[in-house]
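Any read-out appearing in this document is the output of simple, stated calculations on the displayed coordinates, not a laboratory observation. Computed from a predicted model, the values in this text were never measured in an experiment. Please note: Cβ atoms are built from the backbone with ideal geometry, for glycine as well, and neighbour counts cover all protein chains shown.
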Amino acid sequence: MDNRKACQNCSNIGNQNQKNEMTSINNQITPNIFPNLNLNLLLNLLILPYILPPPPSFTPPFPSSVVDPGAISLCLFRNTYVWLRNGSSFWYFPIFVGPRSVAGFRWNGRFWTILGIDTRQIVSFTCF
């Protein structure tokens, strides 16, 4: 009996050490490459552009009211049409909203590309 308990404890300790090792490795690698991104967000940046379907084929009308750019967090992981101060507009797929920026993918007409936007540059947006 004691030997079995000892083996179970060894196994549990080994599993716990392995989990701690993986967490430690992830915490070492991710901050060095992208200091403000967690591992899940990093994986989204690497995988999502290849599995996302194209956005809708229409261009929505410009909204009659301007919205707070910080409210774009309500559009996370949704097709979003964005209008910027410089006059450009495009389909966007936001996956992260920070205090002053949004990270996601911009549709260039053929495929999704990674793009970060300063929220102060957003005039308006609409989600679908």
- Query: Peptides 50-60, 64-74, 114-124: what's the order by average Cβ count within 10 Å, highest mean first?
  - Reply: 114-124, 64-74, 50-60
- Task: Could you tell me whether region 62-128 comes out rounded, prolate or oblate from its Cα gyration tensor? Rule is a ≥ b ≥ c as square roots of the eigenvalues, rounded for a/c under 1.5, then prolate if a/b exceeds b/c, otherwise oblate.
- Result: rounded
- Task: Please list, in chain and number order, the residues 5+ apart from PHE105 or on another chain whose amide H is under 5 Å from its amide H, with Hs placed from the backbone.
- Result: PHE93, ILE95, LEU115
